[in-house]
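Inspection log for the structure reproduced underneath, given as C-alpha coordinates.
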Amino acid sequence: MLRGSSASPLHSRQSTGSLRSLSFFDGWSDDELEHFARIAGRVSFAAGDVLIREGESGHAFLILVAGEAEVTRDGKSLLRLRAGDHAGELALLDDSPAAASVVARTDGEALSLYQRDFHNLLETIPSLGRRILATLARWFRKIQGFES
(Lines give C-alpha, C1' and ligand atoms only; values in the text may rest on other atoms or scores of the structure.)
Protein backbone atom coordinates (compact mmCIF):
# COMPACT_ATOMS: atom_id res chain seq x y z
CA MET A 1 0.00 0.00 0.00
CA LEU A 2 1.32 3.42 -0.91
CA ARG A 3 1.82 5.70 2.03
CA GLY A 4 2.08 9.44 1.66
CA SER A 5 0.20 12.29 0.12
CA SER A 6 0.46 14.61 -2.84
CA ALA A 7 -0.52 17.37 -0.41
CA SER A 8 2.53 17.00 1.83
CA PRO A 9 5.37 19.06 0.39
CA LEU A 10 8.96 17.92 0.46
CA HIS A 11 11.57 20.01 2.20
CA SER A 12 13.18 21.66 -0.80
CA ARG A 13 16.63 22.25 0.72
CA GLN A 14 16.85 18.63 1.80
CA SER A 15 15.49 17.12 -1.38
CA THR A 16 17.18 19.27 -4.03
CA GLY A 17 20.48 17.40 -3.61
CA SER A 18 18.78 14.02 -3.70
CA LEU A 19 16.72 15.04 -6.74
CA ARG A 20 19.84 16.23 -8.53
CA SER A 21 21.24 12.69 -8.26
CA LEU A 22 18.24 11.19 -10.11
CA SER A 23 18.63 10.79 -13.88
CA PHE A 24 15.13 12.17 -14.55
CA PHE A 25 16.33 15.58 -13.39
CA ASP A 26 19.47 15.80 -15.56
CA GLY A 27 19.89 19.40 -16.74
CA TRP A 28 17.32 20.91 -14.36
CA SER A 29 18.21 24.17 -12.58
CA ASP A 30 18.17 24.48 -8.79
CA ASP A 31 15.02 26.63 -9.01
CA GLU A 32 13.23 23.98 -11.10
CA LEU A 33 14.24 21.27 -8.64
CA GLU A 34 13.02 23.33 -5.68
CA HIS A 35 9.67 24.08 -7.35
CA PHE A 36 9.16 20.42 -8.26
CA ALA A 37 10.08 19.32 -4.73
CA ARG A 38 7.40 21.63 -3.30
CA ILE A 39 4.70 20.34 -5.66
CA ALA A 40 5.40 16.61 -5.78
CA GLY A 41 4.15 14.24 -3.14
CA ARG A 42 6.40 11.63 -1.61
CA VAL A 43 5.08 8.12 -1.11
CA SER A 44 6.67 5.09 0.47
CA PHE A 45 5.91 1.56 -0.62
CA ALA A 46 6.62 -1.99 0.45
CA ALA A 47 7.73 -4.94 -1.65
CA GLY A 48 4.71 -6.37 -3.41
CA ASP A 49 2.68 -3.14 -3.43
CA VAL A 50 0.93 -2.36 -6.72
CA LEU A 51 1.95 1.19 -7.60
CA ILE A 52 0.03 1.31 -10.89
CA ARG A 53 -2.58 -1.24 -11.93
CA GLU A 54 -2.95 -2.12 -15.61
CA GLY A 55 -6.34 -1.06 -16.96
CA GLU A 56 -7.07 1.49 -14.24
CA SER A 57 -6.96 5.26 -14.57
CA GLY A 58 -6.39 7.96 -11.97
CA HIS A 59 -2.90 6.91 -10.95
CA ALA A 60 0.01 9.26 -10.42
CA PHE A 61 3.14 9.83 -12.46
CA LEU A 62 5.89 8.31 -10.31
CA ILE A 63 9.64 8.90 -10.12
CA LEU A 64 11.44 6.31 -8.03
CA VAL A 65 13.70 7.84 -5.40
CA ALA A 66 14.67 4.55 -3.74
CA GLY A 67 13.89 0.90 -4.27
CA GLU A 68 12.98 -1.15 -7.33
CA ALA A 69 9.77 -1.90 -9.20
CA GLU A 70 8.77 -4.17 -12.08
CA VAL A 71 6.68 -3.06 -15.06
CA THR A 72 4.43 -5.83 -16.39
CA ARG A 73 1.77 -6.13 -19.08
CA ASP A 74 -0.59 -9.08 -19.21
CA GLY A 75 1.53 -10.67 -16.48
CA LYS A 76 4.76 -10.50 -18.53
CA SER A 77 7.77 -8.60 -17.23
CA LEU A 78 8.74 -5.66 -19.44
CA LEU A 79 11.16 -3.57 -17.44
CA ARG A 80 12.85 -3.17 -14.06
CA LEU A 81 12.72 0.33 -12.57
CA ARG A 82 15.35 1.75 -10.22
CA ALA A 83 15.96 5.12 -8.56
CA GLY A 84 15.65 7.87 -11.16
CA ASP A 85 13.33 5.84 -13.41
CA HIS A 86 9.69 6.79 -13.81
CA ALA A 87 6.31 5.33 -14.71
CA GLY A 88 2.81 6.56 -15.37
CA GLU A 89 3.91 9.56 -17.41
CA LEU A 90 0.85 9.45 -19.68
CA ALA A 91 -1.35 9.93 -16.60
CA LEU A 92 -0.23 13.57 -16.68
CA LEU A 93 -1.74 14.02 -20.12
CA ASP A 94 -5.01 12.08 -20.15
CA ASP A 95 -7.28 9.81 -18.14
CA SER A 96 -6.71 6.69 -20.22
CA PRO A 97 -6.28 3.44 -18.33
CA ALA A 98 -2.73 2.36 -17.53
CA ALA A 99 -1.16 0.24 -20.27
CA ALA A 100 0.90 -1.73 -17.73
CA SER A 101 1.17 -2.50 -14.04
CA VAL A 102 4.01 -1.39 -11.80
CA VAL A 103 4.70 -3.56 -8.76
CA ALA A 104 7.28 -2.81 -6.08
CA ARG A 105 10.04 -5.43 -5.90
CA THR A 106 11.58 -3.88 -2.78
CA ASP A 107 10.59 -1.32 -0.18
CA GLY A 108 11.20 2.18 -1.44
CA GLU A 109 10.04 5.71 -2.07
CA ALA A 110 8.73 7.63 -5.04
CA LEU A 111 7.80 11.17 -5.93
CA SER A 112 4.25 11.44 -7.20
CA LEU A 113 2.48 13.96 -9.38
CA TYR A 114 -1.20 13.69 -10.25
CA GLN A 115 -2.82 15.14 -13.37
CA ARG A 116 -4.72 17.83 -11.42
CA ASP A 117 -1.46 19.00 -9.83
CA PHE A 118 0.28 18.97 -13.20
CA HIS A 119 -2.50 21.04 -14.77
CA ASN A 120 -2.28 23.49 -11.88
CA LEU A 121 1.47 23.63 -12.36
CA LEU A 122 1.04 24.42 -16.07
CA GLU A 123 -1.05 27.45 -15.09
CA THR A 124 1.00 28.68 -12.13
CA ILE A 125 4.58 27.84 -13.19
CA PRO A 126 4.43 27.24 -16.96
CA SER A 127 8.23 27.04 -17.27
CA LEU A 128 8.31 24.05 -14.91
CA GLY A 129 5.49 22.35 -16.81
CA ARG A 130 7.46 22.82 -20.02
CA ARG A 131 10.58 21.39 -18.32
CA ILE A 132 8.68 18.24 -17.30
CA LEU A 133 7.26 17.84 -20.81
CA ALA A 134 10.70 18.40 -22.40
CA THR A 135 12.23 15.80 -20.05
CA LEU A 136 9.54 13.29 -20.96
CA ALA A 137 9.92 14.07 -24.70
CA ARG A 138 13.69 13.40 -24.40
CA TRP A 139 12.92 10.08 -22.70
CA PHE A 140 10.33 9.10 -25.36
CA ARG A 141 12.82 9.85 -28.13
CA LYS A 142 15.48 7.80 -26.37
CA ILE A 143 13.29 4.72 -25.90
CA GLN A 144 12.18 4.95 -29.53
CA GLY A 145 15.83 4.97 -30.62
CA PHE A 146 15.83 8.55 -31.95
CA GLU A 147 18.27 9.85 -29.37
CA SER A 148 21.26 8.25 -27.70
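The values are calculated or read from the model by the stated rules, or taken from the named source; none is laboratory data. On a predicted model such as this, the values are computed, not experimentally measured, just so you know. So basically every Cβ, Gly included, is an ideal-geometry build from the backbone, and we count neighbours across all protein chains shown. Protein only, heavy atoms only, side chains kept; ligands, DNA and RNA dropped before computing areas. Shrake-Rupley method; radii C 1.70, N 1.55, O 1.52, S 1.80 Å.
With each label modelled as a point 7 angstrom along the Cα→C-beta vector, the residue 30-residue 50 pair spans 4.4 nm. Tell me the label only: which of [x] 50, 40, 24; [y] 40, 35, 28; [z] 50, 37, 28 is Cα extents along the principal axes in Å as calculated from this structure? Recomputing Cα extents along the principal axes in Å here gives the entry labelled [y]. Would you calculate a helix-derived [θ] at 222 nm for the chain, using -39,500 (n - 2.57) for each DSSP H run of n ≥ 4 and dividing by the full residue count, to the nearest 500? About -10000 deg cm²/dmol. A 1.4 Å probe run over the protein chains yields, for the stretch 66-147, 56 Å² of accessible area per residue, whole-number rounding.
Between residue 137 and residue 79, the FRET efficiency from the beta-carbon distance, with R0 = 22 Å, is close to 0.70.
In terms of its C-alpha gyration tensor, the stretch 88-147 has an oblate overall shape, because the principal axis ratio a/c (a ≥ b ≥ c, square roots of the eigenvalues) is not below 1.5 and a/b does not outweigh b/c. In this label model, residue 93 and residue 130 are separated by 1.9 nm, measuring between points 7 Å along each Cα→Cβ vector.
Distances between placed amide hydrogens fall under 5 Å for residue 100 paired with 55, all partners being 5 or more residues away or on another chain.
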